[in-house]
Amino acid sequence: MTYDLPQEITVTGDGPVRTVTINRPAELNSVNADLHWGLANVWRQLAADKQTRVVVLTGAGRAFSAGGDLNWITTFLDDETARDESIREGAQIVEEMLRFPLPIIAAVNGPAVGLGCSVALLCDIVLLSETAYFADPHVAVGLVAGDGGAALWPLLTPILRSREYLYTGDRIDAATAVELGLASRRVAPEQLLPQAHQLAERLAAQPPEALQGTKRVVNMYLSQVLGGPLQAGFAAEVATMKTPEHRERLLAFQKRAGGR
């Protein structure tokens, strides 16, 4: 099957397993407009590929995804249309991943930050390299963590721990992520993709109706619980996008990062 996707996201096949790679390695797989669109639209295309049974999601190079590309995000300060479209697509990413009928295994090979963290945690199974970490720095740049963090994390880990990491934006190393329930297990870096594909092949050999039906029931629960908080989260994120403090902090952060 041919996939209609930007170069920032690739799909490769090995029998019934499809590997989706976030593919901006020089930019630590930070999410620009094209990659954001790809993350919103890849799932229906994968579901239409009738040979697919399991998906492995990973990042090219040394990061899973460093979150939003600063050069793209700063355009939202003065472009309301682009800002609103990003929010609509952000909601689509969450909805499509929850609705996707097949198992998704995240092979988190490096930093998974902001939206990158949310995408990883929306997967069914999360394998985390021992050198990787999670972080959600929305609050540090004056934003509500509306694209998944504030709504999703309390379902996965104790709410007191969720608050601390969401409020501070501190990094969560691999061992702590497993302890908190944000990852299934940590894996030596060189074993990450082999173990992810070994697990994918095992799942692909399971009776598909039983496996997909089980995922559908679990995600039905998640969708019902997340519905209200996600809508509130996106609305609150838009509101904070309009604040002077967000503008000041984002531009200062971009300057420190050298405009990357």
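The modelled label-to-label distance for the pair Arg256/Val217, using points 7 Å beyond Cα in the direction of Cβ, is 4.8 nm. In this simple spin-label approximation, Ala232 and Arg88 carry label points 7 Å from Cα along the Cα→Cβ vector, and these lie 2.6 nm apart. This model, with +1 at the C-beta of Lys and Arg and -1 at the C-beta of Asp and Glu, gives the chain a dipole about its Cα centre of some 420 debye. The candidates Ile73, Ile93, arranged from most to least accessible area with a 1.4 Å probe in the full protein assembly, appear as Ile73, Ile93.
Anisotropy class assigned to the stretch 192-233 is oblate, per the alpha carbon gyration tensor with a/c at or over the 1.5 cut-off and a/b no larger than b/c.
Comparing Ala48, Leu35, Val17 along the charge dipole axis of the chain, the residue lying farthest to the positive side is Val17, per the Cβ-charge model.
Helices meeting the span-like rule in the chain (full DSSP H runs, Cα extent of at least 15 Å along the helix axis, mean Kyte-Doolittle score of -1.0 or higher): 33-48, 80-99, 192-204, 208-241. Highest mean packing first, where packing is the average number of other Cβ atoms within 10 Å per residue, the peptides 19-30, 220-231 line up as 19-30, 220-231.
Classify the stretch 109-255 as rounded, prolate or oblate, taking a ≥ b ≥ c as the square roots of the eigenvalues of its Cα gyration tensor: rounded when a/c is under 1.5, otherwise prolate if a/b is larger than b/c and oblate if not.
Because a/c hits 1.5 or more and a/b fails to exceed b/c, the stretch 109-255 counts as oblate.
Accessible surface calculations at 1.4 Å, restricted to protein heavy atoms, place the stretch 49-133 at 33 Å² per residue. Among 31-41, 60-70, the peptide with the highest mean count of other Cβ atoms within 10 Å heads the list, and the full ranking is 60-70, 31-41. This structure gives P(r) over Cα pairs in 10 Å bins from 0, in percent, computed directly, and of (i) 7, 29, 30, 19, 12, 3, 0; (ii) 7, 30, 35, 22, 6, 0; (iii) 7, 32, 39, 18, 3, 0 that value is listed as (iii).
Placing unit charges on each Cβ (+1 for Lys and Arg, -1 for Asp and Glu) gives the stretch 189-254 a dipole about its Cα centre, and among Gln198, Val225, His246 the Cα reaching farthest toward its positive end belongs to Val225.
Sorted by mean Cβ packing within 10 Å, highest first, what order do the peptides 152-161, 94-103 take?
94-103, 152-161
Once R0 is set to 41 Å, what does the formula 1/(1 + (r/R0)^6) return for the Cβ-Cβ distance between Asp173 and Lys50, expressed as a FRET efficiency to the nearest 0.05? Working from the Cβ atoms, E equals 0.55. Within the straight-line cut-off of under 18 Å between alpha carbons, the lysines reachable from Lys50 are Lys215, sequence neighbours fewer than 8 places apart in one chain being disregarded.
Express the carbon and sulfur contribution to the solvent-accessible surface of the stretch 122-260 as a percent, rounded to the nearest whole number, probe 1.4 angstrom.
Accessible surface attributable to carbon and sulfur in the stretch 122-260 totals 56 percent.
Take every pair of alpha-carbon atoms less than 8 Å apart whose residues are at least six positions apart; their mean separation over the length of the stretch 1-78 yields a relative contact order of 37 percent.
Excluding same-chain neighbours fewer than eight residues apart, the lysines reachable from Lys255 by a Cα-Cα span under 28 Å are Lys242.
For the chain, the relative contact order is 20 percent, taking Cα pairs closer than 8 Å that sit 6 or more residues apart in sequence and dividing their mean separation by the residue count.
The values are calculated or read from the model by the stated rules, or taken from the named source; none is laboratory data. Worth saying up front: this structure is predicted, and the values here are computed from it rather than measured. Methodologically, a virtual Cβ is constructed for each residue, glycine included, from the backbone with ideal geometry; neighbour enumeration extends over all protein chains shown. In case anyone asks, the SASA skips ligands and DNA or RNA and just uses the protein heavy atoms, side chains included. Shrake-Rupley method; radii C 1.70, N 1.55, O 1.52, S 1.80 Å.
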